[in-house]
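Worksheet: the structure to be examined is printed underneath.
The values are calculated or read from the model by the stated rules, or taken from the named source; none is laboratory data. Keep in mind it's a predicted model, so treat the numbers as computed, not measured. In this analysis, Cβ positions are derived from the backbone assuming ideal geometry, glycine residues included, and neighbour counts consider all displayed protein chains.
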């Protein structure tokens, strides 16, 4: 027979252990989660990038429609509603392998292997094509408030800049291996690489390693509150920051659904994921726990 004092001690131990377990469980819950809202029809062949047009309240999707390095003229840009409906499947066609996009002053800028394509949004026509000499795999685009367009080249690890009609190789550093996702933020250019996120100050090109050990980065977006949302093409979406551990928001790698150059709209808490070989765009709401 167990002594009453022993049983009492067991009860006390159970009480505190139970409380600790519950607290640990709560602390282990992610701060944010994704809730799926919709997915587009699977007509967006090799969907690589999504870009939000806040003026016209719609989405542009770059569709490679072939090999990412082939100059085959098969690529096109689609227009989607914010509910995922395809407004115009081939709004602009005749491109090769369109990837990253950015908007400034009613112009949509698109990378296309070794060219920058400038599209007049109101006229729905290609206004200009600019060849970037020496480039091999132009990928993402970000644009600063003054209209300077920054373009990553994943194969040469360079960042080019188109500023007031003048094209230059703006940054070339051995640390930027596999440079892909770009993001303008507060007079800096953030670059997603195989080794994490680097920050480059525009004023003097000072470089520092902002967030290491993220894994490879395709899309790079800010959540508007100091953290960043990144994709790794294979299918993993993470939220990362300089202070907290990474949070895996979604991982579809084991299903073969990719996560290419994402778009995030902070005011709508809306994350848009182009699924590349899955030929769709998926939309999720970012919800705080």
Requested in this report: With respect to residue 203, determine if the residue is under 20 Å from residue 263 (Cβ atoms) and either free of Cβ contacts under 8 Å to residues at least 24 places away in the same chain or in the same structural domain as residue 268 (by TED's automatic domain parsing) (or both).
Outcome: no
Query raised in the report: So how many residues does segment 212-270 have that are at pLDDT 95 or above and either at positive phi or not assigned by TED's automatic domain parsing to the domain that holds residue 44 (or both)?
Result: 2
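Is one or more of the residues making up segment 74-85 under 20 Å from residue 153 (Cα atoms) and assigned by TED's automatic domain parsing to the domain that holds residue 154? Reasoning before the result, please.
Within segment 74-85, the first condition is being under 20 Å from residue 153 (Cα atoms), and the residues that meet it are 75.
Then keep just the ones that are assigned by TED's automatic domain parsing to the domain that holds residue 154; that gives 75.
Scanning segment 74-85, I find at least one residue that is under 20 Å from residue 153 (Cα atoms) and assigned by TED's automatic domain parsing to the domain that holds residue 154, so the answer is yes.
Yes or no, residue by residue, for (1) in the same structural domain as residue 98 (by TED's automatic domain parsing); (2) modelled with pLDDT of 95 or more; (3) within 30 Å of residue 251 (Cβ to Cβ):
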site: 1; (1), (2), (3): no, no, no
site: 5; (1), (2), (3): no, no, no
site: 18; (1), (2), (3): no, no, no
site: 22; (1), (2), (3): no, no, yes
site: 39; (1), (2), (3): yes, yes, yes
site: 62; (1), (2), (3): yes, yes, yes
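Out of 42, 93, 53, I need the residue that is without any contact (Cβ under 8 Å) to a residue 60 or more places away in the chain and over 21 Å from residue 232 (Cβ atoms). Which one? Let's see the steps before the verdict.
Numbers: 42 fails: without any contact (Cβ under 8 Å) to a residue 60 or more places away in the chain; 53 fails: without any contact (Cβ under 8 Å) to a residue 60 or more places away in the chain.
Selected residue: 93, the only one of 42, 93, 53 that is without any contact (Cβ under 8 Å) to a residue 60 or more places away in the chain and over 21 Å from residue 232 (Cβ atoms).
A quick yes/no check of all residues on (1) surrounded by 18 or more Cβ atoms within 10 Å (Cβ to Cβ); (2) without any contact (Cβ under 8 Å) to a residue 40 or more places away in the chain; (3) more than 29 Å from residue 65 (Cα to Cα):
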site: 193; (1), (2), (3): yes, yes, no
site: 219; (1), (2), (3): yes, no, no
site: 229; (1), (2), (3): yes, no, no
site: 247; (1), (2), (3): no, no, yes
site: 255; (1), (2), (3): no, yes, no
site: 264; (1), (2), (3): yes, no, no
site: 271; (1), (2), (3): yes, no, no
site: 283; (1), (2), (3): yes, no, no
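With part of a loop (DSSP other than H, G, I, E, B) and either touching a residue at least 40 places away in the same chain (Cβ under 8 Å) or not assigned by TED's automatic domain parsing to the domain that holds residue 275 (or both) as the only criterion, which of 178, 147, 134, 100 stands out? Can you show your working first?
On the way: 178 fails: either touching a residue at least 40 places away in the same chain (Cβ under 8 Å) or not assigned by TED's automatic domain parsing to the domain that holds residue 275 (or both); 134 fails: either touching a residue at least 40 places away in the same chain (Cβ under 8 Å) or not assigned by TED's automatic domain parsing to the domain that holds residue 275 (or both); 100 fails: part of a loop (DSSP other than H, G, I, E, B).
The match here is 147.
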Query raised in the report: Any idea which of 151, 159 is farther than 24 Å from residue 258 by Cα and surrounded by 21 or more Cβ atoms within 10 Å (Cβ to Cβ)?
Result: 159
Query raised in the report: Exactly one of (1) touching a helix residue (DSSP H, G or I) at 6+ places or on another chain (Cβ under 9 Å); (2) farther than 18 Å from residue 34 by Cα is unmet by residue 216. Its number?
Result: (1)
